[in-house]
Amino acid sequence: MVDALRLMRPLQWAKNGLVFLPFLFAVDIAWSVDSAGNVPDLLFRLVLVFLGFCGMASGVYVLNDLMDRKADRRHPTKRNRPIASGRVSVPVAVALMVALIGAGLAVIWYVAQQLGLVGLIYIAINVGYSLGGKNLPLLDVFAVASGYVIRAVVGALAIEVEPSPWLYTTTGAGALFIVLGRRYAEVRLAGEDAGEQRSALNHYAGPFISQLLNISATAALLSYTLYTIEADNLPDNNAMLFTLPLVALGLFRYLYLLNTSERAEAPEQLMVRDLPLLACIVAWLAVSAVVLLNG
């Protein structure tokens, strides 16, 4: 049971928290402080969507580990994964994968059929990634980043709010920065063995990945800055700009960890275990809530 739980990668479930973000930014659109009667229902729907994505994402992780089990055995830490180490057999892993994806998809389909269709798109992208897309440079990065955007979009649809262009722009730019950072860390930590661990890493060696990372960091910070000024549903006094230093500090801290941390190839662990980075995220949520609720 412990190995099955490890196979599901519960630490990665933190990414599914993106489904709750649209709720905060939909104040005075889907709900309001003065009329909060529908808030329990909206949160219940989001909790179901969160659990559904936990199931689907875990099923995708199992599929990915199944496809990577031979390469993982050559990795200094991934060789200890349940499938690569042989502690979980392939038939058991396949059964677990089907159960997780089926249950997760059923839950979000129950919330709304429209969400179920988006869930199918999410699964299709990740199956394609696991079956070979991960070996195609750049396409692999966009495939992983799309998962972040899909989570945010589903969060908006679950509370019956139309996703704004800013949701796509800021989430997409931030996701590319996170995923490219992971590739940068993988190349740095693997050294000369990068190609053996993942063939696509050969294409990210040298200055290319650094250039991509710099571009994505700039795009993420610029898109968020424009959002705080131009988005229609924000306070007219531009108070959302007070969150910009926290976003910049979080981006810079992540860049620092990419170059120094031995856990840099696992962004979800950095976000929950690095106290300065976690403090930036919590402070950003707190300041955003104060600005939006008093706007």
What FRET efficiency comes out for the pair N238/E162, r = Cβ-Cβ distance, R0 = 30 Å, nearest 0.05? 0.80
If you line up the long axis of helix 139-158 against the longest principal axis of the chain, both from Cα atoms, how many degrees apart are they, to the nearest 10? 40
Going toward the positive end of the dipole of region 28-131, with +1 on Lys and Arg Cβ and -1 on Asp and Glu Cβ, which of V92, A106, H75 do you reach last? H75
As I understand it, the value is the acute angle between the Cα axis of helix 275-293 and the longest principal axis of the Cα atoms of the chain; what does it come to in degrees, rounded to 10? 30
At a Cα cut-off below 22 Å, give the lysines reachable from K15, other chains included and same-chain residues fewer than 8 away excluded. K78, K134
Can you pull a Stokes-Einstein diffusion coefficient for the chain at 4 °C (1.567 mPa s), Rh from Kirkwood over Cα pairs, as a whole number of µm²/s? 65
Stretched out fully, how many nm does the piece from L275 to S32 gain, at 0.36 nm a residue minus the Cα gap? 84.3 nm
Probe of 1.4 angstrom, ligands and nucleic acids ignored: what's the accessible area per residue over the chain, in square angstrom? 48
Accessible surface of the chain [probe 1.4 Å, protein heavy atoms]: carbon and sulfur percent: 66
What distance in nm separates the simple spin-label points at Q114 and T77, each placed 7 Å from Cα in the Cβ direction? 4.0
Net length gained if the chain between N214 and I121 were fully extended (0.36 nm per residue, minus Cα distance): 30.5 nm
Nearest-ten-degree value, helix 207-230 long axis tilted from longest Cα axis of the chain: 20
What is the distance, in nm, between label points placed 7 Å from the Cα along the Cα-to-Cβ direction at N135 and at N202? 1.0
Dividing the helical contributions, -39500 (n - 2.57) per DSSP H run of n ≥ 4, by the residues of the chain yields a 222 nm value, nearest 500 deg cm²/dmol, of -23000 deg cm²/dmol
Among 13-21, 241-249, 151-159, how do they line up by average Cβ neighbours within 10 Å per residue, starting with the highest? 151-159, 13-21, 241-249
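The values are calculated or read from the model by the stated rules, or taken from the named source; none is laboratory data. Not measured: the values here are computed from a predicted model. Note that we place each Cβ from the backbone using ideal geometry, even for glycine, and neighbour counts take in every protein chain shown. Just the protein is used for accessible areas: all its heavy atoms, side chains included, with ligands, DNA and RNA removed. Shrake-Rupley method; radii C 1.70, N 1.55, O 1.52, S 1.80 Å.
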